[in-house]
Amino acid sequence: MASSFDRIADIIAENSEVARENILPDSHVINDLGIDSLDFLDIVFAIDKAFGIKVPVEAWTQEVNAGTAPAEQYFVMKNLAARIDELVAAKGG
Amino acid sequence: MRLEYFQMIDRVASLQGEAITVESTIPDASPVFEGHFPGYPLMPGVLLVETMAQASGWLLLKLMDFSRMPFLMGVKEAKFRSFVGPGTAVTVHAERLHDGSGYAVTKARIEAGGKRICDAELTLRIMDFPAPELAAAMKQRGQELGLA
């Protein structure tokens, strides 16, 4: 099976105008790829379905806005993939 | 329906699990029909989308016990299959397909006389009520509809 990074990158490419080859492990989803909030929710919906999880976007956003977590922790591709892996592991997948 | 007030839902027919069925009647007369269209009044497609969004919204409000507010943010796969005009009684079905973090996805359709009028997949952003007046108004209308 493809890695979480590859699966997420494929989802982003399918749900935005970003070319797949431009999505790299160090790409920031918002700053580098230019994904806006509406496209990001479409992407999150696709990730939720693909991985059978509920990505806690609201909690992540609140943490970033409150300054208790750096945005890179959630929105840089390699870290996003790691967070998804953690969510999948937490649900027993 | 009161088109000019964007009050698209008349009553709730059923609420089961994560699905709602509501009923409404398109008014016999409205300024909307003077422009859409002269001599051939039709319910505008955008108002049919609004009607599906409101059915979805009431469903989500009920499922969240009126604690937060859904706002329409995306419409996918909208298909308008039949014309519908003044005085028509319609039935609107909506079900929640996905309960996400800060958003929900619903599938909705409108029927009239057993015939499919339109359908769409809707994405709604779920937010805290931005104004207490809105929370109160939604709860009051929800009570009138038997939801709150």
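Which of the residues spanning the range B:59-75 are in contact (Cβ under 8 Å) with a residue 24 or more places away in the chain and either more than 26 Å from A:Gly52 (Cβ to Cβ) or of a type in the set (Ser, Thr, Tyr) (or both)?
B:Leu61, B:Phe66, B:Met69, B:Phe71, B:Leu72
Among the residues of the range A:9-30, are any at pLDDT 95 or above, basic (Lys, Arg) and over 25 Å from B:Val105 (Cβ atoms)?
No - not one qualifying residue is present in the range A:9-30.
For the range A:36-51, name all the residues that are modelled with pLDDT of 95 or more and touching a helix residue (DSSP H, G or I) at 6+ places or on another chain (Cβ under 8 Å).
Once the filter is applied, which keeps residues that are modelled with pLDDT of 95 or more and touching a helix residue (DSSP H, G or I) at 6+ places or on another chain (Cβ under 8 Å), the range A:36-51 yields A:Ile43, A:Val44, A:Ala46, A:Ile47, A:Ala50, A:Phe51.
If you go through the range B:76-95 one residue at a time, how many are modelled with pLDDT under 95 and in contact with a Cys (Cβ under 6 Å, 6 or more places away or on another chain)?
0
Looking only at the range B:54-70, count every residue that is under 14 Å from the mean Cα position of the chain (by Cα) and part of a helix (DSSP H, G or I) and tell me the total.
Residues in the range B:54-70 being under 14 Å from the mean Cα position of the chain (by Cα) and part of a helix (DSSP H, G or I): 9 in total.
In the range A:12-21, what count of residues is obtained for those that are surrounded by 13 or more Cβ atoms within 10 Å (Cβ to Cβ) and either within 14 Å of chain B (Cβ to nearest Cβ) or of a type outside the set (A, V, I, L, M) (or both)?
Of the residues in the range A:12-21, 2 are surrounded by 13 or more Cβ atoms within 10 Å (Cβ to Cβ) and either within 14 Å of chain B (Cβ to nearest Cβ) or of a type outside the set (A, V, I, L, M) (or both).
Restricting the search to the range A:54-82, which residues are surrounded by fewer than 17 Cβ atoms within 10 Å (Cβ to Cβ) and within 14 Å of chain B (Cβ to nearest Cβ)?
If the condition is that a residue be surrounded by fewer than 17 Cβ atoms within 10 Å (Cβ to Cβ) and within 14 Å of chain B (Cβ to nearest Cβ), then A:Lys54, A:Glu58, A:Ala59, A:Gln62, A:Glu63, A:Val64, A:Asn65 are the ones that fit.
When you scan the range B:106-127, how many residues do you find that are at the interface with chain A (Cβ under 10 Å from one of its Cβ atoms) and over 14 Å from the mean Cα position of the chain (by Cα)?
Within the range B:106-127, residues that are at the interface with chain A (Cβ under 10 Å from one of its Cβ atoms) and over 14 Å from the mean Cα position of the chain (by Cα) number 3.
What's the total number of residues in the range B:138-148 that are among the basic types (Lys, Arg) and crowded, with 17+ Cβ neighbours inside 10 Å?
Counting residues in the range B:138-148 that are among the basic types (Lys, Arg) and crowded, with 17+ Cβ neighbours inside 10 Å gives 0.
Which of the residues that make up the range B:4-53 are over 18 Å from B:Val90 (Cα atoms) and not in a helix (DSSP H, G or I)?
Within the range B:4-53, B:Gln16, B:Gly17, B:Glu18, B:His36, B:Phe37, B:Pro38, B:Gly39, B:Tyr40 meet the criteria.
Which of the residues belonging to the range A:22-48 are within 13 Å of chain B (Cβ to nearest Cβ) and either of a type in the set (Gly, Ala, Ser) or part of a helix (DSSP H, G or I) (or both)? Quick ask: steps written out before the conclusion?
As a first pass, look at the range A:22-48 and keep what is within 13 Å of chain B (Cβ to nearest Cβ): A:36-48.
Within the range A:22-48, A:Ser37, A:Leu38, A:Asp39, A:Phe40, A:Leu41, A:Asp42, A:Ile43, A:Val44, A:Phe45, A:Ala46, A:Ile47, A:Asp48 qualify.
If A:Glu86 meets every condition in (1) more than 17 Å from B:Tyr103 (Cβ to Cβ); (2) touching a helix residue (DSSP H, G or I) at 6+ places or on another chain (Cβ under 9 Å); (3) charged (D, E, K, R) apart from one, which number is that one?
Failing condition for A:Glu86: (2).
Does the range B:109-119 contain any residue that is farther than 29 Å from B:Pro31 by Cβ, of a type in the set (Val, Ile, Thr) and modelled with pLDDT of 95 or more?
no
The conditions are (1) more than 25 Å from A:Gly52 (Cα to Cα); (2) not in a strand (DSSP E or B), and B:Ala78 fails exactly one of them. Which is it?
Failed condition: (2).
The values are calculated or read from the model by the stated rules, or taken from the named source; none is laboratory data. Being a predicted model, the structure only gives us computed values, none of them experimental. Here Cβ is always computed from backbone atoms with ideal geometry, including for glycine, and neighbour counts include all displayed protein chains.
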